[in-house]
Amino acid sequence: MSLTSPPTKSLARAPSAAELFTPKLITVLREGYGLSDLRADLFAGLTVAIVALPLSMAIAIASGVTPERGLFTAAIGGFLISALGGSRFQIGGPAAAFTVLVASTVARHGLDGLLLATIMAGLLLLAMGAFRLGSYIKFIPYPVTVGFISGIAVILFIGQIRDLLGLTIPEDPAEIAGKLQVLAASLPTINPAAVGISAGSILVIVAFRRWAPQVPGILVAVVLGAVAVWLLGLPVETIGTRFGGIPSTLPAPSLPDISLAKIQAVIPDAVAFALLGAIESLLSAMVADGMTGRRHRSNMELVGQGIANIGSALFGGITATGTVARTATNVRSGAHSPLAGMFHSAFIVLFMLVAAPLASYIPLASLAGVLAVVAWNMAEKHAFVTLVRTSVGDAVVLILTFGLTVLVGLTEAIVVGFALGTLLFLHRMAQSADVEMHVPPVPGDSADVPGRPYDAATATDPDVAVYRITGAFFFGAAAMVGAVLDRIADRHKAFIIDFSAVPFIDSTAANTIAAVAHKAVRHGVLTFASGATPATQRMLERHGAGAQTMTFSPTLEDAVAAAHVAVRRG
């Protein structure tokens, strides 16, 4: 497929290698950094740290390690991700998506195996960034992404049932089927006090998120839970009773035990860490781009993530990656630069120095409630239902990826899902060739249309930009097209996407167009679609690019005329 657009002065030369691999922190400092920027970053960093404190400990516990290792990850990994990454707003640290992989790695190889796998994953991420593979990470089909994220959310929630109910269980199997059997057999040991603490924590988080979103409901819930346990002497497990509290300082850096046999044993885990880390971090950076109109450097981001994982493991932390929720909180808190993320890490260390003894009173039921809410928010519920309703093929890929994630493993789910997504694309290519022969899936060279002179006005119009997509618009091309269309919001009052030469569009591409259209709405840019077939229009509407965000016109000429009328009125 191909994408054409009017030549404009803003389409500058390709960036050099030095520019591509310059951390965003250096770029920001070169642009100029004032006292007001510093104040904004300090406030944003403090706000994110308040959210990250309980989350980091909860994620570490869910990952099968002690709570302080989550704090080490947020402090060291988070600092390096912000300082050396390719995004202005990325907040790094332990991520809920990794709990399943980390816990299974610890169960098989112990803590030293986990730290070694994290270092190896960091080296892999460094190599991926150095070889400029960041752009290719986005080629994973949308149903696969939704399937494995939703699957991880389900596993994360199942992992919290023990502490949510205060169950007493002899052992906690890593496999979901075995875990569910053990949980069911342990139901008679339910602790009513733990249930009350976890339910209360969930209600507090939900209430603050709905009626006072500016207040950190997660921290309030955890503090209230700790106060209730301390005042009432409730018989529930706490960080102190299970783990003996947390240290007040960072440990000295050290290497885990390394041997050739152990390296060979943890290679699959390191690959899984690197793959999921790349996906999570670039997804988080793209979310920040959509909220701010800025653009991250994907390969530099991978380099920063690689260094951060090596640093985190050397200080005893677990796998670090960009985190969507904390990054979004950083943006909403008014962050101006990567210094906000660095300040967030500094505040984490300050908490350890000053308030570590108080963490011993935190009930595990409260932290389980926090992760239950995180799991609910992680699950791509709306996207899941949309994909199931939109296409049988997408539904098969989605459900199979989801099922493999929950029952088998993340790596197998991604590999099988990607393979099925590719087969689905080839099947749709064949269908389009049979049904709509007037629009070839792969366009060839052709002469200009006789009698139709070139009109330079369309290409040079300062108000209205026209982008023509040619050929099959599927997951392999969605990232590139999205990156091009993402640049229009700053330069035009309206833009038109011409689909007249598109034989079909898949869910990944439709989701990309919907994201671009929603961003254009936020920036006051009018969006038009021309020449879309009924099937293409239905796919776009199902994924959120409907009448509220886009205006559909039968031909490009109609769209251009409608755009000019709308611009004059606006």
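The values are calculated or read from the model by the stated rules, or taken from the named source; none is laboratory data. A quick note: this is a predicted structure, and the numbers were derived from the prediction, not measured. Ideal geometry is used to build each Cβ from the backbone, glycine not excepted, and the neighbour counts take in all protein chains shown. In case anyone asks, the SASA skips ligands and DNA or RNA and just uses the protein heavy atoms, side chains included. Shrake-Rupley method; radii C 1.70, N 1.55, O 1.52, S 1.80 Å.
Taking the criterion of being open to solvent by less than 60 Å² (accessible area, probe 1.4 Å) and without any contact (Cβ under 8 Å) to a residue 24 or more places away in the chain, the residues of the stretch 533-570 that qualify are Gln537, Gly546, Ala561, Val565.
Phe495 meets all of the listed conditions (1) modelled with pLDDT of 80 or more; (2) in a helix (DSSP H, G or I) but one, namely (2). The residue of the stretch 22-50 that is surrounded by the fewest Cβ atoms within 10 Å (Cβ to Cβ), among those that are over 21 Å from Met300 (Cα atoms), of a type in the set (A, V, I, L, M) and under 23 Å from the mean Cα position of the chain (by Cα), is Leu46. Taking the stretch 230-252 as the search range and keeping residues that are assigned to a helix (DSSP H, G or I) and under 31 Å from the mean Cα position of the chain (by Cα), which one is nearest to Thr118 (Cα to Cα)? Filtering first and then ranking leaves Phe243.
Among the residues in the stretch 335-342, are any under 17 Å from Pro54 (Cβ atoms) and part of a helix (DSSP H, G or I)? Within the stretch 335-342, not a single residue is under 17 Å from Pro54 (Cβ atoms) and part of a helix (DSSP H, G or I). Quickly run through the stretch 253-295 and pick out the residues that are part of a loop (DSSP other than H, G, I, E, B) and either in contact (Cβ under 8 Å) with a residue 12 or more places away in the chain or touching a strand residue (DSSP E or B) at 6+ places or on another chain (Cβ under 6 Å) (or both). Pro253, Ser254, Leu255, Pro256, Asp257, Ile258, Gly293, Arg294, Arg295, listed by residue number. As a summary of the residue check, Thr411 satisfies the conditions (1) within 22 Å of Leu101 (Cβ to Cβ); (2) at pLDDT below 75; (3) open to solvent by 80 Å² or more (accessible area, probe 1.4 Å) except for the one numbered (3). With respect to being in a helix (DSSP H, G or I), touching a residue at least 40 places away in the same chain (Cβ under 8 Å) and open to solvent by 20 Å² or more (accessible area, probe 1.4 Å), Asn377 fits the description.
Counting only helices (runs of 4 or more DSSP H) that sit wholly inside the stretch 111-229, those with at least 1 residues that are farther than 27 Å from Leu276 by Cα and free of Cβ contacts under 8 Å to residues at least 24 places away in the same chain are 176-185, 192-211.
Figure legend. Inter-residue proximity from the stretch 61-89: first residues on the phi > 0 side of the Ramachandran plot, second residues surrounded by fewer than 24 Cβ atoms within 10 Å (Cβ to Cβ), beta-carbon distance below 7 Å, spacing 6+ or different chains. Indicated pairs: Gly64/Ala103; Gly64/Val106; Gly64/Ala107.
The rows are residues; the columns are (1) surrounded by 15 or more Cβ atoms within 10 Å (Cβ to Cβ); (2) among the hydroxyl-bearing types (Ser, Thr, Tyr); (3) closer than 23 Å to Ala379 by Cα.
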| site | (1), (2), (3) |
| --- | --- |
| Tyr142 | yes, yes, yes |
| Ser150 | yes, yes, yes |
| Leu156 | yes, no, yes |
| Thr189 | no, yes, no |
| Gly196 | yes, no, no |
| Gly233 | no, no, no |
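For Ala520, the requirement of being assigned to a helix (DSSP H, G or I), modelled with pLDDT of 80 or more and surrounded by 19 or more Cβ atoms within 10 Å (Cβ to Cβ) is met.
Take the residues in the stretch 546-570 that are at pLDDT below 85 and part of a loop (DSSP other than H, G, I, E, B), then tell me which one is farthest from Asp394 (Cα to Cα). Only one residue tops the list, namely Gly570.
Take the conditions under 17 Å from Gly322 (Cβ atoms), more than 16 Å from the chain's Cα centre (by Cα) and among the hydroxyl-bearing types (Ser, Thr, Tyr) and apply them to Thr118. Does it pass? So Thr118 passes the test. Considering only residues in the stretch 523-532 that are under 21 Å from Thr386 (Cβ atoms) and either free of Cβ contacts under 8 Å to residues at least 12 places away in the same chain or among the hydrophobic types (A, V, I, L, M, F, W, C) (or both), the one that is most open to solvent (accessible area, probe 1.4 Å) turns out to be Ala532. Within the stretch 312-334, restricting attention to residues that are surrounded by fewer than 22 Cβ atoms within 10 Å (Cβ to Cβ), of a type outside the set (A, V, I, L, M, F, W, C) and in a helix (DSSP H, G or I), the residue that is modelled with the lowest pLDDT is Arg332. Exactly one residue out of Leu124, Leu115, Leu164 is open to solvent by 10 Å² or more (accessible area, probe 1.4 Å) and either more than 28 Å from Ala261 (Cα to Cα) or at pLDDT below 95 (or both): that is Leu164.
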